[in-house]
Amino acid sequence: MNLLQRRFYIYSGIFLVLLAVMFVVHLGTGFTGLSSGDIARILLGGGTPEERLTLFDFRMVRSVLAILIGAGLALSGLIFQTISRNELASPGLLGVNAGAGFAILLLVYFSDAAGASLWVQPIVATIGAGLAAIFIYRMSYEKGQNLATYRLVLMGISLTAGLHAVEMMLIVRLSQDKFSQVNTWIIGSIFGGTWAHAALLMMIVLVIALFFYVRQSDLDVLALSDETAIGLGVPLNRARFVYLMAAVALAASCVAIGGSIGFVGLLCPHIARRLVGVQHGRCIPMTLLIGALLVLSADWAARVVIAPDEMLLGIVIALIGAPYFLFVLARAKA
């Protein structure tokens with residue numbers, strides 16, 4: 001067992017313990033405090049009906065969604081960075097968040113989304129993210145040539161900027177209620193999710209994460225130069241398209257339920273690579289753990305920093321992510 005493998009097992013154990021502790025702390029946080037003893041009593045079938053309702057239908061579903069959304073966004077960011085060979089790539093940079101946000105804005109602008117089914121916004125957001133990703137890929141691809149990864153990133157930046165400009169034009173025409181609804185979604189919040197959302201998202205995250213883990217060798221090769229990948233027998237364009245669409249589906253599913261949460265897909269792969277190296281067999285599980293812990297911790301902080309009021313999750317993550325991003329840039333410059 002080499003050094004990186006030992007570090008992987010050590011850090012995996014540490015992050016699993018931290019995640020378990022934070023899960024209990026997150027369950028106990030709210031208007032009515034619950035101690036670890038209260039939580040254990042309720043989980044074992046005790047407690048009043050009000051306590052069981054609070055724990056299972058309000059707090060636990062939110063905790064589970066935070067873990068799944070964090071893990072999904074972090075893993076999608078890792079795949080985007082691998083495909084583009086650009087450590088600044090993320091769902092936000094490649095237009096996934098922008099496409100989903102623009103679709104939600106159109107839904108709210110032209111209809112009464114507040115009275116619609118719980119599934120309408122997630123479905124619309126997923127469609128918007130998918131269309132944005134397909135458009136970026138199509139504009140970056142030239143027949144008979146390998147996909148230009150730098151063009152993929154530039155197209156993502158351009159589309160994101162363009163959609164944000166159109167969003168600003170439409171947002172100023174919204175009513176106060178619709179503006180609040182759109183603003184909450186664009187910043188990011190997991191409040192209001194249901195067990196149905198959690199079950200669907202869990203299936204998506206588990207299936208796609210398993211798919212990427214099984215294909216870890218291909219992902220390791222895609223991180224190398226085009227010439228090396230071709231020499232090792234990897235069909236570059238087809239592989240990049242398949243993995244890109246899988247990462248888009250993963251990110252879109254998370255964004256559809258949690259809103260346009262930024263920085264998770266950018267930061268977590270960076271931290272994972274610094275801890276356990278670049279091989280995807282180690283990096284994928286570590287990225288999942290770090291993403292889950294980051295979003296769960298940030299959602300807990302959002303509930304306690306200005307209690308009894310609550311901050312939006314996206315704001316807390318931005319407050320964490322922006323300084324780290326600047327640190328990475330400063331370190332790279334040095």
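Each row is one residue, and each column tells you yes or no for (1) surrounded by 19 or more Cβ atoms within 10 Å (Cβ to Cβ); (2) under 30 Å from Thr82 (Cβ atoms); (3) touching a strand residue (DSSP E or B) at 6+ places or on another chain (Cβ under 7 Å).
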{"position": "Leu154", "(1), (2), (3)": "no, yes, no"}
{"position": "Leu159", "(1), (2), (3)": "yes, yes, no"}
{"position": "Leu163", "(1), (2), (3)": "yes, yes, no"}
{"position": "Leu170", "(1), (2), (3)": "no, no, no"}
{"position": "Leu174", "(1), (2), (3)": "no, no, no"}
{"position": "Thr184", "(1), (2), (3)": "no, no, no"}
Worksheet item: Has region 210-220 got at least one residue that is within 15 Å of Gln81 (Cα to Cα), within 16 Å of the chain's Cα centre (by Cα) and part of a helix (DSSP H, G or I)?
Response: yes
Inspect region 287-304 for any residue being buried (at least 23 other Cβ atoms within 10 Å of the Cβ), in contact (Cβ under 8 Å) with a residue 60 or more places away in the chain, among the hydroxyl-bearing types (Ser, Thr, Tyr) and under 19 Å from Ala129 (Cβ atoms) and give the result as yes or no.
no
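Taking region 184-216 on its own, how many of its residues are among the polar types (S, T, N, Q) and either free of Cβ contacts under 8 Å to residues at least 12 places away in the same chain or within 14 Å of Ile69 (Cα to Cα) (or both)?
2
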Cβ pairs under 8 Å, 6+ apart or interchain, first in region 1-30 and more than 18 Å from Val64 (Cβ to Cβ), second surrounded by 16 or more Cβ atoms within 10 Å (Cβ to Cβ) and among the polar types (S, T, N, Q), ordered by first then second residue, are Leu4/Gln279
Reported set for region 237-262 where residues are surrounded by fewer than 17 Cβ atoms within 10 Å (Cβ to Cβ) and either over 30 Å from Val120 (Cβ atoms) or out of contact with any helix residue (DSSP H, G or I) (no Cβ under 8 Å at 6 or more places or on another chain) (or both) is Asn237, Arg238, Val242
Exactly one of Arg7, Arg52 is more than 21 Å from the chain's Cα centre (by Cα), surrounded by 13 or more Cβ atoms within 10 Å (Cβ to Cβ) and within 30 Å of Arg273 (Cβ to Cβ), and that residue is Arg7
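This table checks each residue for (1) part of a helix (DSSP H, G or I); (2) farther than 11 Å from Val96 by Cα; (3) aliphatic (A, V, I, L, M).
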site	(1), (2), (3)
Val248	yes, no, yes
Ala251	yes, no, yes
Ile257	yes, yes, yes
Cys268	yes, yes, no
Whether any residue in region 291-303 is within 28 Å of Arg7 (Cα to Cα) and of a type in the set (S, T, N, Q) is what I want to check. yes
Checked region 1-56 for anything among the β-branched types (Val, Ile, Thr), out of contact with any Ser or Thr (no Cβ under 7 Å at 6 or more places or on another chain) and assigned to a helix (DSSP H, G or I); matches are Ile10, Ile14, Val17, Val21, Val25, Ile39, Ile42
Residue pairs within 6 Å by beta carbon, gap of at least six or interchain, first lying in region 72-100 and under 25 Å from Val182 (Cβ atoms), second at pLDDT 90 or above and of a type in the set (Ser, Thr, Tyr), listed first then second, are Pro91/Ser76
(Q) Whether any residue in region 311-332 is touching an Asp or Glu at 6+ places or on another chain (Cβ under 9 Å), in contact (Cβ under 8 Å) with a residue 12 or more places away in the chain, more than 15 Å from Ser90 (Cβ to Cβ) and part of a loop (DSSP other than H, G, I, E, B) is what I want to check. (A) no
Exactly one of Ile123, Ile127, Ile104 is part of a helix (DSSP H, G or I), over 17 Å from Gly262 (Cα atoms), among the aliphatic types (A, V, I, L, M) and at pLDDT below 85, and that residue is Ile123
Exactly one of Gly70, Gly77 is buried (at least 20 other Cβ atoms within 10 Å of the Cβ) and touching a Ser or Thr at 6+ places or on another chain (Cβ under 7 Å), and that one is Gly77
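The values are calculated or read from the model by the stated rules, or taken from the named source; none is laboratory data. Owing to the predicted nature of the structure, the values given are computational and were not obtained by experimental measurement. All Cβ positions, glycine included, derive from the backbone under ideal geometry; neighbour counts span all protein chains shown.
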